[in-house]
Structures are given as C-alpha cells and as structure tokens.
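Report on the structure given below.
The values are calculated or read from the model by the stated rules, or taken from the named source; none is laboratory data. Because the structure is a prediction, the values reported are computed rather than measured. Here the Cβ is made from the backbone with ideal geometry for all residues, glycine too, and neighbour counts use every protein chain on show.
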Amino acid sequence: MPNKNNITVEKTRDGSTTLYSSLFEQPYHSRGGAVGESRQVFFESSGILKKLKNHEDIHIQEIGFGSGLNLVLLIDYLQKSGSESNIVFHSVEAYPITSEKASDITFGESLDRKNYTQILEKIFSSLSAGENSIGIHPQIELNLFVGRFDELPTPSEELVHYIFHDPFSPDSNPAGWTVELFEHLNKISTDQAVLTTYSAASSARAAMAVAGWNVARAPGALGKREMTVASKDPVRLSHLKRVNEKHLIERFNRGDFERG
Ligand SMILES: C[S@@+](CC[C@H](N)C(=O)[O-])C[C@H]1O[C@@H](n2cnc3c(N)ncnc32)[C@H](O)[C@@H]1O
C-alpha cells in the first residue's frame with residue numbers, strides 16, 4: 001500500500017479539529033465544522049437516534065475510520081441519552097494515524113475531551129494489519145479492519161443496520177464509490193438498512209442504484225444543498241424525495257460516469 005500520506009491536524013469553524021490528507025488532498029470533514037457535519041449526515045439523517053432512544057441493539061459499518069469522530073459521537077449520544085443499546089461498530093481504514101496525532105485531536109466544546117482522548121490513543125496505539133477488535137466501552141464492540149475498502153471482510157455474525165459512508169468525495173477517492181463496494185455493503189446489510197453520506201454526486205447515486213439500493217436526496221449539512229440517503233427498503237425513504245434510479249442506471253450503463 002502506498003504510504004506517502006502526510007496527515008495533519010486542522011481547526012474547523014465550529015472549534016473542532018479535522019485531519020487533512022496530502023494523498024487525497026482533502027480534509028476529513030467540512031471546514032465549516034467537523035462535528036456539525038458528522039452529526040447531521042450520520043446521526044440526524046439516518047434514523048439511528050430513534051433506535052438508540054428505544055434501546056435497540058445496532059450493528060454499524062463505517063467506511064473510513066479517519067479520526068474516529070463518528071465513533072466518539074456515538075459514545076456521546078449513548079452517554080447523553082442513557083441508551084442501553086449494545087452496538088457493534090465495524091470500520092475500515094487503510095491509513096491509520098499515530099496515537100501521538102490522535103492526542104492532538106479536539107472535537108470542540110460539545111464533546112468532553114477527557115471522554116475520547118484516551119479512547120483514541122488506545123485505538124491508534126494497538127492496531128495491526130487486518131482485523132482489530134478493541135475494547136473501548138462496555139456497550140460497544142469495535143472491529144476496525146486495517147486495510148483497503150476492496151479488502152473489506154464480510155462480518156461473520158449479524159448483518160448491519162446502518163452504513164456511515166465516509167470515504168472522501170467521489171472526485172478525490174473513486175475507490176470509495178464503486179459498484180463493487182456498494183454491492184458488498186448491500187450484501188452485509190439487513191433489508192431495512194440505511195446508508196447515509198454527504199455526497200450528492202449523480203455518479204455516486206448511480207453506483208448505489210446499480211448495486212441495488214433505493215436512493216433519496218436529503219438536505220445537506222452546514223448549508224450544503226443536498227446529501228444522499230439510501231436503503232434497500234423504500235419505506236425507509238418515504239419521507240424523502242427519491243432520485244430516478246432507473247434513469248441513473250441507464251446513464252451508468254451508457255458510460256456517462258467515469259468508473260472508479
Ligand atoms: C473522510 S475520512 C473519514 C472520516 C472519519 N469517518 C472520521 O469520523 O473522522 C476518509 C477516510 O478513508 C480512508 N481511506 C481512503 N481511501 C481508502 C481505501 N481505499 N481503503 C481504506 N481506507 C481508505 C482515509 O485514509 C480516511 O481516513
């Protein structure tokens with residue numbers, strides 16, 4: 001795996017930090033606010049908060065572990081809501097940061113730093129290539145696969161209910177938006193699973209549709225016009241405006257989109 005990836009810590013406008021990757025030439029989150037963006041895209045738009053409130057057990061697959069912000073937010077939601085949900089959190093990361101870098105991360109005033117710095121240092125100091133199962137919280141089983149998206153193993157036990165699709169934008173990282181990856185995610189998901197992502201790119205939505213997902217538009221985070229919510233079950237998208245999947249599939253098959 002090429003490793004010329006210089007990763008630096010940057011401040012975003014809500015006071016939280018994000019990382020910047022020289023390899024992908026991208027910040028890991030919106031510069032408008034890392035925490036605000038992640039809350040809206042992965043938690044408020046997915047329906048997961050209702051499941052936490054109802055104490056339901058949840059399996060999540062994240063694509064792109066990055067700074068661990070989504071995991072930290074999940075812990076915060078669990079703690080603040082008093083939810084008794086048990087969570088299995090699968091994620092994948094080809095370029096894990098060092099634990100020294102992890103200790104420079106701050107997620108702003110809405111999250112208590114002492115609740116996450118030790119957890120992130122523990123995670124990033126103990127990783128090896130392949131599957132890593134790390135104890136971080138009594139209600140969370142973290143399975144972090146260190147490797148590429150296209151090497152992602154099929155979880156051996158239960159199917160996942162939510163997919164946090166967070167691989168950088170389609171332009172800067174086509175490997176995160178292939179039909180093969182969305183087919184894999186389809187295969188490992190329950191019939192009611194929900195996938196959320198910040199991208200509103202037609203090429204991304206087309207790849208999801210080709211892989212068998214129903215696809216809808218949702219209001220984007222931090223002033224961005226749109227993001228995307230997908231599910232195998234159209235009922236889960238009934239409150240949203242659907243895209244025309246048939247038309248996108250036709251365009252995809254005509255070669256209108258560059259293949260990742
Ligand atoms: C937008 S960041 C993820 C942000 C993260 N979810 C968080 O909460 O901080 C995308 C991540 O995907 C990783 N990545 C990009 N391409 C990859 C690939 N082909 N395989 C595995 N990881 C990859 C990057 O190294 C980066 O950490």
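Restricting attention to segment 177-191, the residues that are closer than 10 Å to W213 by Cα and buried (at least 19 other Cβ atoms within 10 Å of the Cβ) add up to 2. Within segment 207-242, if we keep just the residues that are within 20 Å of D166 (Cβ to Cβ) and β-branched (V, I, T), the residue that is surrounded by the most Cβ atoms within 10 Å (Cβ to Cβ) turns out to be T228. Please work out which one of (1) touching a Ser or Thr at 6+ places or on another chain (Cβ under 7 Å); (2) without any contact (Cβ under 8 Å) to a residue 24 or more places away in the chain; (3) over 25 Å from E37 (Cα atoms) is the condition L237 fails and give its number. Every condition holds for L237 apart from (3). Checking each residue in segment 40-72 for being within 12 Å of the ligand (Cβ to nearest atom) and among the acidic types (D, E) picks out only E62.
Here is a yes/no grid of residues against (1) of a type in the set (S, T, Y); (2) within 10 Å of the ligand (Cβ to nearest atom); (3) at pLDDT below 95:
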residue: E109; (1), (2), (3): no, no, yes
residue: F124; (1), (2), (3): no, no, no
residue: N143; (1), (2), (3): no, no, no
residue: P155; (1), (2), (3): no, no, yes
residue: E158; (1), (2), (3): no, no, yes
residue: H161; (1), (2), (3): no, no, no
residue: H165; (1), (2), (3): no, yes, no
residue: H184; (1), (2), (3): no, no, no
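Going through segment 204-218 one residue at a time, which ones are out of contact with any helix residue (DSSP H, G or I) (no Cβ under 8 Å at 6 or more places or on another chain) and either β-branched (V, I, T) or free of Cβ contacts under 8 Å to residues at least 60 places away in the same chain (or both)? Of everything in segment 204-218, those that are out of contact with any helix residue (DSSP H, G or I) (no Cβ under 8 Å at 6 or more places or on another chain) and either β-branched (V, I, T) or free of Cβ contacts under 8 Å to residues at least 60 places away in the same chain (or both) turn out to be A204, R217. Go through the residues of segment 137-146 one by one and say whether even a single one is of a type in the set (A, V, I, L, M), crowded, with 17+ Cβ neighbours inside 10 Å and more than 17 Å from the chain's Cα centre (by Cα). Checked against the condition, which is being of a type in the set (A, V, I, L, M), crowded, with 17+ Cβ neighbours inside 10 Å and more than 17 Å from the chain's Cα centre (by Cα), segment 137-146 yields no hits at all. Within segment 111-122, if we keep just the residues that are within 24 Å of S83 (Cα to Cα) and touching an Asp or Glu at 6+ places or on another chain (Cβ under 9 Å), the residue that is modelled with the lowest pLDDT turns out to be N115.
Residues of segment 213-260 that are closer than 12 Å to S202 by Cα, of a type outside the set (D, E) and under 20 Å from the mean Cα position of the chain (by Cα): V215, A216, R217, M227, T228.
Inside segment 42-86, residues that are on the phi > 0 side of the Ramachandran plot and under 18 Å from the mean Cα position of the chain (by Cα) make up a count of 4. Do we find a residue being more than 23 Å from V229 (Cα to Cα), in contact with a Phe, Trp or Tyr (Cβ under 7 Å, 6 or more places away or on another chain) and within 13 Å of the ligand (Cβ to nearest atom) anywhere in segment 24-38? So far as segment 24-38 goes, yes, one or more of its residues are more than 23 Å from V229 (Cα to Cα), in contact with a Phe, Trp or Tyr (Cβ under 7 Å, 6 or more places away or on another chain) and within 13 Å of the ligand (Cβ to nearest atom).
Name the residues in segment 2-23 that are polar (S, T, N, Q), within 11 Å of the ligand (Cβ to nearest atom) and surrounded by 16 or more Cβ atoms within 10 Å (Cβ to Cβ), would you? If the condition is that a residue be polar (S, T, N, Q), within 11 Å of the ligand (Cβ to nearest atom) and surrounded by 16 or more Cβ atoms within 10 Å (Cβ to Cβ), then S16, T17, T18, S21 are the ones that fit.
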